[in-house]
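Working notes, structure below.
Derivation of every value follows stated rules applied to the coordinates shown; laboratory data play no part. The model shown is predicted, which means the values in this text are computed figures rather than measured ones. Positions of Cβ are generated from backbone atoms using ideal geometry, with glycine treated the same way; all protein chains shown enter the neighbour counts.
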Amino acid sequence: MDIDKKKKIEQYSKKVDLIFQDCEIKPLVDKILNMKPNEIINTITDSGLKGRGGAGFPTGLKWKGAADTFSDIKYVICNADEGEPGTFKDRQILQDKAMKVFIGMTACAKAIGAKEGFIYIRGEYNYLLPKLEKELGEFNRILKDKGFDFNIKIRSGSGAYVCGEETSLIESMEGKRGEPRNKPPFPVKQGYLNMPTVVNNVETLVYTVMVLRDGPDEFKKLGTKDSRGAKVFCVSGDAAIQGIFELELGMPLQEFVDLFGDGHTKAVQVGGSSGHCVPYKKFGETVIGFEGIPTGGSMMLFNSSRSMYHVLHNYLEFFEEESCGQCVPCRVGTQQLLKGIEAVKKGEKPASYLNELIKLAETMRVSAKCGLGQSVSNPFISIVDNFREEIIF
Amino acid sequence: MANMVNLKINDIPLKVSEDTTLLEAAKMLNIKVPTLCQHPDLLLAGNCRICVVEVKGSRTLQASCCTPVRDGMDVFTNTQMVRRSRRHTLSLLLSEHNNDCVRCYKNGNCELQALAMEYGIEGETFIDISGDTAIDMSSPSIMKDDSKCIKCQRCVRTCQELQQVSALAVAHKGNSIKLTTFMEKPLHFVVCTNCGQCVNRCPTGALIEKSYISEVWNALDDPAKHVVVQTAPAVRVALGETLGYDPGERVTGKMVTALRRLGFDSVFDTNFTADLTIMEEGTELLMRLKSALADKNPAALPQFTSCSPGWIKYIEHEFPDILDYLSTCKSPQQMFGAIAKTYYAQKSGIDPKDIIVVSVMPCTAKKFEANRPEMNSSGYQDVDYVITTRELGRMIREAGIDFKELEAGECDSLLGKHTGAAVIFGATGGVMEAALRTAYEIITGREVPFDNLNITPVRGMEGVREATIKIEGCVPDWSFLEGAELKVAIAHGLSNARKVTKQVAEGKSPYHFIEIMACPGGCIGGGGQPIPTSLDIRQLRMDAIYNEDGDLPLRKSHENPEITRIYSDFLGKPLSHKSHELLHTHYTKRKW
């Protein structure tokens, strides 16, 4: 890698350092425990923080929803079922900064009135457990010493992608098949064991801590109007440099590619297999953020040596297996999209069949039961639209 | 009291309670929204997505079956997006479905087929991805063909929620998802009770009864065979539904005529052996009470009824340690077979080896019961073939019989007479009521103290019901029961059965006699009854059963003259040696 590029990335990294920054744990816990619930919620709401798992739901609003629901029993769940292909940030956060995750959960507990919290961690990350359990033991003791009635436990997942969807995660925690629930009711009203529950991504929880420490204004200095703050990105694929980088939101994709690309980038898959594929000709007009293309962190770069047919094929194979299978548009739709591009490739179906498949993908977007089936249309339509000739020939 | 909300559906305003779903609200306006995974007896699933509607301001379509109304909602059920989505969903289902419709058992009574027609799905929209799957024919009651399964999970919800048996479950995910059994074993080798409630709720031909129609035709066509038929009480109040009548129509007389036209040599009635069951089972209960109260010996109380073969297999699997509590009486169907091949054979001078006994049952579990190895005390299999109400309807149609125009007929004598007490066996609580009408009279010499013999406390659709009957003025033989309070309970549907059976297993049951039927509503809601089923339909059939009882001249089993005759000519007395040999049975402890 050329020296210039490395320097540039270092400059960018210096600009933002929230997630992996060292913090003094006890003073931070004290500060948060001394805040009033509505003070916490207002601060988070004011910061404009949106969920970092991918869906981008305003975090303050979620906490308020659970806080406003009357119940003696409430839960906070940290979603560490990091399953989106190309995403590997939560693993790093839990490995390096687990204490900050626990503090974020504590802030939420204080805000909504929960006494119990869970970290739902994907089975593949079980190797993190010994360290995590040790740190959690320490943290639970700190809370106990401070007299705050909140206890965090760890639950290990069993390997279904759909369990990253919050209601499937809750079903899985209840010992059932990991399948999404019908919404409403939303988890903030009836979640785990039918009690009000907040489910937040690992990264989101750490940002809440930083917002509460530094105040909303500091956070708002970063990012754009629609995409406040920063985000941890997972750079993979044909990149000059791969890895985990915290960057401001609202960055133009061209700038990103200039920074991380290998000079031959023809497309970037923003947001993993359920995200959008942006072709090189749209790099300039695309902003990474909620006003443009949002991402849960995954940034996969593809250079000119890659076949976008194979990329799409790979994603669809993933979806047809990882669909929970209960709803028709997702279960059968994913299979048809895959069979469909295969048939077009082999010449068994005319190229115009792709138009039928795009219509099908549009139907899946509006009629599938959960985010999984709804978002299959993102990669499908963006790849077929932009790389049609690669699919056909 | 729920709050009322205002909304608009297709620009028509309406005001409904806030716990209403969009589907229910649309129905109130007579707007039809198609459904597949939704069933009135089951909890909501929201997984077929055929019932989607457009809600103004919402990014996605909403499944109307599981979306509650909200104030100010603006709902559209027939937009371009909705139609396209439904058509896509149907086309997707058809792409994974075995579309061999004209050769399907459910041809003409398939919800998927009906919707495909309604939405004009023609030709192949998507690539055929239906795979070859083996049909599970292991069970004598139920056939499972996964190639026709649309994964709506109605069967799973039926088995898990309604019956709490959980023989069926969802396995795997995505393109490999399967509605199947534990370890994907064949149905015959799991805890399936053969109740057939899944069959009643399957929208397609994936779950159907194992049909014995061709075996029955073969028997009827064989001049060397003397083929007799018995019909269960619940058949006569539901058969009409397969032949163009509304639910609740009684077609008893026409059914008898139709059976004769089909070629049965004698047309009898399971009601006859229902009356016989009361004599045997009622006496058995009194003997257990005597043993416990007068002789102070241990007795297996409460006594469970044993008429429902789904219930029998259930208790054999789930509570194998308390089988002694079951009445040892065979079910009326099996008693009939044993009597037909002994008493009837003797009286009519026919060699029992030439007699074929066919039963028409509202039930799929009866097919299993007829095949139980112990059911052959006459030296011959008690019952040869069991067909469901649905199969009889099919035979009548196939024979070209104009059912509605038939004259009413009467059953043949010897095994055909019955009382109202036997008829009500078809509804939950009926066996209890019939037993009480007779037992009370044996004990006190007087009729049960209820208006017109209608023991209303044991009737109804409540899942578990209980009643207490105070016994006063006993005849000398039963004076030890003077002042006793007979406590009885009734449960229908296996989830309710579990509640009362668990009490017995824990030694906490307060009852003396418990009636259990595996199916909701009793036999009128049986797994062999016409499809569809719902609480309303079952209620209409139940009303018809009680009307049939009320219209009969004899309403107490012990007053049936043919019952008196069989005891004087053949059996001797209830619980006699001969009765035990032919009419009683034993049970099997089953493993999981």
Next item on the list: Pop out the ³J(HN,Hα) list for region A:278-286 in order, Karplus 6.51 cos²θ - 1.76 cosθ + 1.60 with θ = phi - 60°, rounded to Hz; leave Gly and Pro as x.
Entry: 10, x, 3, 5, 9, 4, x, 8, 9
Next item on the list: Enter the Cα centre distance for the pair region B:542-592 and region A:141-172, rounded to the nearest angstrom.
Entry: 60
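I want the local charge near residue A:66. Using Cβ-Cβ distances under 10 Å, sum +1 for each Lys or Arg and -1 for each Asp or Glu among the other residues. Let's see the in-between values first.
Values: positive: A:62, A:64, A:74, A:189; negative: A:68.
Net of charged neighbours comes to +3.
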Margin query: Using DSSP to call loops (not H, G, I, E or B), can you name the GluC sites (Glu not before Pro) in region B:495-584 whose Cβ has at most 10 other Cβ atoms within 10 angstrom?
Written below: B:506
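Taking other Cβ within 10 Å of each residue's Cβ, how do A:274, B:147 sort, fewest first? Walk me through the numbers before you get to the answer.
Details: A:274 26, B:147 18.
The most exposed by this proxy come first: B:147, A:274.
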Checklist line | Under 18 Å from the residue A:218 label point (7 Å along Cα→beta-carbon), backbone N, region A:1-32 | finding: A:14-32
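Loop only by DSSP, 11 or fewer other Cβ within 10 Å of the Cβ. Give me the trypsin sites (Lys or Arg not before Pro) in region A:192-283 that pass, ordered by residue number.
On the way: sites: A:213, A:220, A:221, A:225, A:228, A:231, A:266, A:281, A:282; in loops: A:221, A:225.
Listed in order of number, the matching sites are A:221, A:225.
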Checklist line | Within chain B, longest stretch free of exposed trypsin sites (Lys or Arg not before Pro) [DSSP loop, at most 12 other beta carbons within 10 Å] | finding: B:60-295
Item checked: Residues of region B:339-355 with amide N under 15 Å of the 7 Å Cα→Cβ point at residue B:576 -> B:339, B:342-344, B:346-347
Notebook entry, point to check: Cross-link list B:367/B:417; B:32/B:404; A:31/B:56; A:6/A:282: which exceed 32 angstrom alpha carbon to alpha carbon?
Noted result: A:31/B:56
Checklist line | Sequence of B:481, B:259, A:33 once ranked by neighbouring C-beta atoms within 10 Å, starting from the fewest | finding: A:33, B:481, B:259
Note to self: Using the basic label-point model (7 angstrom from Cα toward the beta carbon), what is the residue A:124 to residue A:17 distance in nanometres?
What the structure shows: 3.0
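If Lys and Arg each add +1 and Asp and Glu each add -1, what is the summed charge of the other residues whose beta carbon sits under 15 Å from the beta carbon of residue B:378? Spell out each step's value before the answer.
Details: positive: B:330, B:341, B:347, B:353, B:372, B:578; negative: B:351, B:354, B:374, B:382, B:384, B:581.
With Lys, Arg at +1 and Asp, Glu at -1, the net is 0.
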Check: Under the rule of -39500 (n - 2.57) per DSSP H run of 4 or more residues, summed and divided by the residues of chain B, what mean residue ellipticity at 222 nm is obtained, to the nearest 500 deg cm²/dmol?
Finding: -9000 deg cm²/dmol
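Based on the Kirkwood radius over alpha-carbon pairs, what is the Stokes-Einstein translational diffusion coefficient of region B:4-78 at 20 °C with 1.002 mPa s viscosity, in µm²/s?
Details: Rh = 12.2 Å.
For the chosen part, D equals 176 µm²/s.
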Next item on the list: Taking only the C-alpha atoms, wrap a convex hull around chain B and report its volume per residue in Å³ as a whole number.
Entry: 168
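According to the Cα gyration tensor, what semi-axes, each the square root of 5 times an eigenvalue, does the equivalent ellipsoid of chain A have, listed from largest to smallest in whole Å?
On the way: eigenvalues 259, 129, 59 Å².
Value: 36, 25, 17 Å, ordered largest first.
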Notebook entry, point to check: Which values, in whole Å and largest first, are the semi-axes of the equivalent ellipsoid of the protein assembly as shown obtained as the square root of 5 times each eigenvalue of the Cα gyration tensor?
Noted result: 64, 33, 23
Note to self: Run lengths n ≥ 4 of DSSP H only: what is the helix-derived mean residue ellipticity at 222 nm for chain A, with -39500 (n - 2.57) per run over all residues, to the nearest 500?
What the structure shows: -14500 deg cm²/dmol
Next item on the list: Using R₀ = 41 Å, calculate the FRET efficiency as 1/(1 + (r/R₀)^6) where r is the Cβ-Cβ separation of residue A:346 and residue B:6; round to 0.05.
Entry: 0.15
Next item on the list: Would you mind pulling out the separation of the Cα centroids of region A:34-56 and region B:463-531, in Å?
Entry: 58
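In what order do B:551, B:246 fall by count of nearby beta-carbon atoms within 10 Å, going from fewest to most? Mind dumping the intermediate values first?
Working: B:551 12, B:246 9.
Listing B:551, B:246 from fewest to most nearby Cβ atoms yields B:246, B:551.
Of the GluC sites (Glu not before Pro) in region A:343-393, which ones lie in a loop per DSSP and count no more than 12 other C-beta atoms within 10 Å? Please list the in-between numbers first.
Values: sites: A:348, A:356, A:362, A:389, A:390; in loops: A:348.
Sparse-neighbourhood loop GluC sites (Glu not before Pro): A:348.
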Margin query: Taking the Kirkwood radius as the inverse of the mean 1/r across Cα pairs, report the Rg/Rh of region A:230-303.
Written below: 0.90
Check: How big is the Rg/Rh ratio for region A:16-220, C-alpha atoms only, Rh by Kirkwood, two decimals?
Finding: 0.93
Next item on the list: State, to one decimal in nm, how far the label point of residue B:543 lies from the label point of residue B:100, with both points 7 Å from Cα in the Cβ direction.
Entry: 4.3
Notebook entry, point to check: Once you put a point 7 Å from the Cα of residue B:119 and another 7 Å from the Cα of residue A:96, both along the Cβ direction, what distance in nm separates them?
Noted result: 5.0
